[in-house]
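Quick notes on the structure that follows.
Just so it is clear, none of the values below were taken in a lab; they were calculated from the coordinates. Please read all numbers here as calculations on a predicted model, not as lab measurements. When we count neighbours, we look across all protein chains shown, and the Cβ atoms used for this are built from the backbone with ideal geometry, even at glycine.
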Amino acid sequence: MSFITRGFSGRSRDRDERLPPGQTLVEDWPVLSAGPTPDVSTDEWRFEVRTESGRHEWSWDEMQALGVEDVTVDIHCVTHWSKLGMAWRGVPLDRIFEEVETSHDYVMAHSYGGYTTNVPLDELLDGQAWIAFEADGEPLDPEHGGPARLLVPHLYFWKSAKWIRGLVTMPTDDPGFWEQNGYHLHGDPWTEERYW
Ligand SMILES: Nc1nc2c(c(=O)[nH]1)N[C@H]1C(S)=C(S)[C@@H](COP(=O)(O)O)O[C@H]1N2
Ligand SMILES: [Mo]
């Protein structure tokens, strides 16, 4: 009995407060991809935003020129692993939406290769999301979404679309790829919005 009590209290005291419920820390960085890894060079890479009123496009250099930021964030995968304190570099979505006007409240993120995921627009703003192209001081590996991926660390990591190629604004919260297959429409790790 004392063995069980000691083990239990030890674990709860050691549990990192940055770790959401039901998550476990990993040291390595697992790769989770629903399909093959697309091969996109920075030369051919384009980022497009489509709204009810038009279309905007940025090349790789134009994206960098919007203003690059270094951030340290935690990431949480719905399959129960988390990594804390990862160093990322990217362009905040705030910079992009300074140049875009829409009355829509939601966006669908689209990736090279066809992956999609839905996010409320206001959860991509105010320093909550980036077009990221470096992690831990290195250009993103293709298998982790290089040359660039969406980074939305406050939501489960399936929202962080790898090989991002653009956003389409939407008046309603339509489900993306995993959301159509049972993942939660929103995906807050702190309230365990895993499935629906
Ligand atoms: N384009 C694309 N983005 C994606 C995925 C995918 O299959 N395709 N998988 C998602 C899921 S479920 C997770 S957990 C993370 C995994 O990112 P990682 O392989 O860099 O760890 O990417 C997300 N973004
Ligand atoms: Mo995932």
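Couple of notes before you dig in:
- Entry note, the stretch 85-142: relative contact order of 49 percent, from Cα contacts under 8 Å with a spacing of 6+ residues.
- In the frame of its principal axes, the stretch 34-114 has Cα extents of 40, 29, 28 Å, reported largest first.
- Sequence-distant contacts, meaning Cα pairs under 8 Å at least 6 residues apart, place the relative contact order of the stretch 34-124 at 23 percent.
- Relative contact order of the chain: 23 percent, from C-alpha pairs under 8 Å at least 6 residues apart in sequence.
- Mean-position separation - Cα centroids, the stretch 18-32 and the stretch 118-172, in angstrom: 18 Å
- The calculated FRET efficiency for the pair His104 and His154, based on their C-beta separation and a Förster distance of 22 Å, comes to about 0.60.
- Computed from the C-beta positions of Leu84 and Asp126, the FRET efficiency with R₀ = 30 Å rounds to 0.85.
- Sorted from longest to shortest, the spans of the Cα atoms of the chain along the three principal axes equal 66, 36, 32 Å.
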